[in-house]
Amino acid sequence: MSFIWENTLLAIVAFAILYWLLSRYAFGPLFSIMEKRRELVMTQMNEAAQTREQAIAYVEEQKQALEQARQDAYDIIEQSKQTGGKQAESILADAKAEANRLKDDAVREIESEKNKAVAALRSELGTASVQIASKLIKKEVENGPAQEELVNQYLNEVGGRQ
């Protein structure tokens, strides 16, 4: 095998011309397309990172909103319990006041009826006393067992009417 300088020189010149043609017409557009592709990939990666950050921020915001809603619900429940307790106390106080009023009215009515009964009894006793006196006078009984019997009889009658 022998080395031919002319072929080697011709190959180097052809390679140099081919390299110059490729760099002038092919490498520029090819590198430009590759650079655009690299920029597109970088832009998409940046957008994906921003989207992920926005999603994380949105999730955190939703967590806070959910926690706030839970706190509001708890506050509403506590407020309802307090209001219910106050209403129950108010109802009980009203019921006790009404019961006391009814009791006082009943006591007054019983006292009034008692006074009426005592007045009626006194009136009947007065009538009975007059009748006893008139019967005693009719019989003209003097101190004796008949008079005592008559008084006892009328007292028993008066006692039976009560």
Taking only protein heavy atoms into account and a 1.4 Å probe, give the accessible area per residue of the range 3-162 in Å².
88
How far, in degrees from 0 to 90, does helix 28-139 lean away from the longest principal axis of the Cα atoms of the chain, to the nearest 10?
0
Taking Cα atoms, the helix 5-21 axis meets the longest principal axis of the chain at an angle in degrees (rounded to 10) of 40
The percentage of the accessible area of the chain (probe 1.4 Å, all protein chains present) made up of carbon and sulfur atoms, to the nearest whole number, is 60
Once ligands and nucleic acids are excluded and a 1.4 Å probe is used, how much of Lys103 is accessible, expressed in Å² to the nearest 10?
130
Whichever aspartates and glutamates have a C-alpha closer than 18 Å to that of Lys135, once near sequence neighbours (fewer than 8 apart) are set aside
Glu124, Glu148, Glu149, Glu157
Can you tell me the 0 to 90 degree angle between the C-alpha axis of helix 145-161 and the longest principal axis of the chain, rounded to 10?
20
At q = 0.10, 0.12, 0.14, 0.19 1/Å the base-10 log of I(q)/I(0) from the Debye formula over the alpha-carbon atoms of the chain is -0.84, -0.92, -1.01, -1.19
Have a look at Tyr154, Ile33, Ile56 and report the one farthest towards the positive end of the charge dipole of the chain, computed about the Cα centre with Cβ charges (Lys/Arg +1, Asp/Glu -1).
Ile33
GNM result for the chain, Cα springs below 10 Å: residue of Gln64, Gln87, Gln44 fluctuating most strongly:
Gln44
Rounded D (µm²/s) - the range 44-140, Kirkwood Rh over Cα pairs, Stokes-Einstein at 37 °C, 0.692 mPa s
150
Sorting Tyr154, Tyr58 by accessible area (1.4 Å probe), largest first, what list results?
Tyr58, Tyr154
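The values are calculated or read from the model by the stated rules, or taken from the named source; none is laboratory data. Because the structure is predicted, anything quoted here is derived from the model rather than measured. As a convention, Cβ positions derive from the backbone with ideal geometry for all residues, glycine included, and neighbour counts pool all protein chains shown. All accessible areas refer to the heavy atoms of the entire protein, side chains included, with ligands and DNA or RNA removed. Shrake-Rupley method; radii C 1.70, N 1.55, O 1.52, S 1.80 Å.
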